[in-house]
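A short write-up of the structure that comes next.
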Amino acid sequence: MKTNLLTLLLFITSPSLLLAQQGDQWTDKVYSVEGNWKIQEDQGTFYFVLGNDFMTLAGPDLKVYLSPMTIEEIGDRESIDKNGGVMIAGLKSNKGAQKYPFPKGIQPGDYKSLVIFCPQFSVVWGGVSLEAEN
């Protein structure tokens, strides 16, 4: 009984547990984005991790953002940086394995999508949904 209650409390109080923590499905906006991704936690820090098979078109000044909007709500030229988005980091490469720490205090459960975005031209490459699974 104690174990079931503890499990239920963890489930209720941990919004990040409700997230899709990994996948290979991207929602393309202006350009195609492919490959595995996951969110992992290590010693209290969350990381966005791209797999070896990650690939997208190169672009100027690409960045990874968390957005409070779902990827379906985001338009091709949405200003992620001006609409409540939080930048995680500049994209290191348009292909291959990469790992990005979230800024301190940022909880993935507070956001609905991860987005690859070019703020220089307000172009959304694509993103993934972090919606709670039903």
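Pairs are defined by a Cβ separation below 6 Å, a sequence spacing of at least 6 or placement on different chains, a first member in the range 118-131 that is at negative phi and among the aromatic types (Phe, Trp, Tyr), and a second member that is outside any strand (DSSP E or B) and at pLDDT 90 or above; the pairs so defined are Trp125/Tyr31. Within the range 93-111, the set of residues being within 15 Å of the chain's Cα centre (by Cα) and of a type outside the set (Gly, Ala, Ser) comprises Gln98, Lys99, Tyr100, Pro101, Phe102, Pro103, Ile106, Gln107, Pro108, Asp110, Tyr111. Scanning the range 6-64 for residues that are farther than 21 Å from Phe117 by Cα, modelled with pLDDT of 50 or more and either in a helix (DSSP H, G or I) or of a type in the set (Val, Ile, Thr) (or both) turns up just one, Thr45.
Scanning the range 62-94 for residues that are crowded, with 18+ Cβ neighbours inside 10 Å and in contact (Cβ under 8 Å) with a residue 40 or more places away in the chain yields Leu62, Lys63, Val64, Tyr65, Leu66, Ser67, Met69, Ile71, Ile74, Glu78, Ile80, Ile88.
With respect to the conditions (1) modelled with pLDDT of 95 or more; (2) outside any strand (DSSP E or B), Lys99 lacks only one, and its number is (2).
I want to confirm something. Restricting to the range 101-134 and keeping residues that are among the hydroxyl-bearing types (Ser, Thr, Tyr) and under 11 Å from Tyr65 (Cα atoms), which single residue is surrounded by the most Cβ atoms within 10 Å (Cβ to Cβ)? Top of the filtered list is Ser113. Scanning the range 47-62 for residues that are under 18 Å from Pro108 (Cβ atoms) and more than 11 Å from the chain's Cα centre (by Cα) turns up just one, Gly51. Selection over the range 34-47 of residues that are farther than 11 Å from Ala97 by Cα and aromatic (Phe, Trp, Tyr) gives a count of 2.
Restricting the range 28-61 to residues that are of a type in the set (D, E, K, R) and either in contact (Cβ under 8 Å) with a residue 12 or more places away in the chain or crowded, with 20+ Cβ neighbours inside 10 Å (or both) leaves a set whose member that is farthest from Glu78 (Cα to Cα) is Glu41. Filtered by the rule that a residue be within 15 Å of the chain's Cα centre (by Cα) and aliphatic (A, V, I, L, M), the range 112-126 gives Leu114, Val115, Ile116, Val124.
The values are calculated or read from the model by the stated rules, or taken from the named source; none is laboratory data. Bear in mind that the values here come from a model prediction, so they are computed numbers and not experimental data. Note that each Cβ is placed from the backbone with ideal geometry, even for glycine, and that neighbours are counted across all protein chains shown.
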